[in-house]
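J.: To start, I am sharing the structure in question, which I have written as structure tokens.
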């Protein structure tokens, strides 16, 4: 607008104001989902302004560079590939036509060579800045979407913690790095009763409540993932036995001190836990299975407790008594 006021051509000033209005209309259409009409009227108005400016001011002023911005927007748009190619071809054809026959048709530059060179350099610089800005926006959107897709791939949609795949991958990384770690497998006691008595939406709220409290009680380097309906797996890197036991006690204490509120009701949820250490088995799957067996022992022994020893076989010691185990895990 300042440039058109400077060259004192009212037609260009009016046309520029019209383009501003068209862009505002395009923004409104875009926000309401009319993507293709918004793009077409926006780019058409910009191209008309470029052509008219060239016809009134002459060739080699630099307004033709803005055609590359229009081409760039077509390429990155949501149009079908066939339409992108078609519009790009039409734009390039019109670009060559206006350079050959249209520019300077209605007038020539009359403010002297230094002013013309200055305007040419200005238009070239602005075109470069705009293309760089659009490319940066595309990069930011791409990075944001990629992070979102990665988050969706590795996060449990209900609780926001890692899903089974993600937490197992992190445990596998520690295993191959030969770093010591502890695994804590956790199950919410009598969770089926919560769903039966209060509904599945209440059960979802309880799971989110548990996940949030567990995260708050963990160390910065610890990881938590949801591996089943009401089961969570906590990975404790570099944790010794006594340290892992202390963390487990803190988790149970955190949940006991902060019961879940369902409307006017307060629901106390207890946890059963099975703890295993990486050095106890020769394979990661066996370490996880050992924590799983100890979790079932904790539930079989009355729930609301942690089992950190035993469980290597069906002949195991629980509180000094021999537990031979059921013939199938379904009985647990």
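J.: Between residue 48 and residue 149, what is the FRET efficiency for a Förster distance of 35 Å, r being their Cβ-Cβ separation, to the nearest 0.05?
T.: So, using R0 = 35 Å, E works out to roughly 0.35.
J.: In addition: Per-residue ellipticity at 222 nm for the chain, helices alone: DSSP H runs ≥ 4 residues times -39500 (n - 2.57), over residue total, nearest 500 deg cm²/dmol?
T.: Estimated from H runs of four or more residues: -19500 deg cm²/dmol.
J.: Okay, moving on. Fewest first, what order do 80, 30 take by the number of other Cβ atoms within 10 Å?
T.: 80, 30
J.: Additional query: Once you put a point 7 Å from the Cα of residue 177 and another 7 Å from the Cα of residue 289, both along the Cβ direction, what distance in nm separates them?
T.: The answer from the label model is 2.6 nm.
J.: What order do you get for 101, 109, 34 when you list them from fewest to most C-beta neighbours inside 10 Å?
T.: 101, 34, 109
J.: Compare 27, 140, 186 in a GNM of the chain, Cα atoms joined below 10 Å, and give the one with the largest fluctuation.
T.: 27
J.: Ok, one more. With Rg/Rh (Cα atoms, Kirkwood Rh) defined as stated, name the option among [x] 1.30; [y] 0.93; [z] 0.97 computed from the structure displayed.
T.: Matching the structure shown: [x].
J.: Quick one: order 198, 83 by neighbouring beta-carbon count within 10 Å, fewest to most.
T.: 83, 198
J.: Find how many whole Å separate the alpha carbon centroid of segment 242-264 from the alpha carbon centroid of segment 153-229.
T.: 14
J.: With only alpha-carbon atoms in the gyration tensor, what are the semi-axes of the equivalent ellipsoid for segment 2-154, in Å, largest first?
T.: 33, 17, 16
Laboratory data are not the source of any read-out in this text; all were calculated from the coordinates shown. Fair warning: this is a prediction, and the values are worked out from it, not measured in the lab. When we count neighbours, we look across all protein chains shown, and the Cβ atoms used for this are built from the backbone with ideal geometry, even at glycine.
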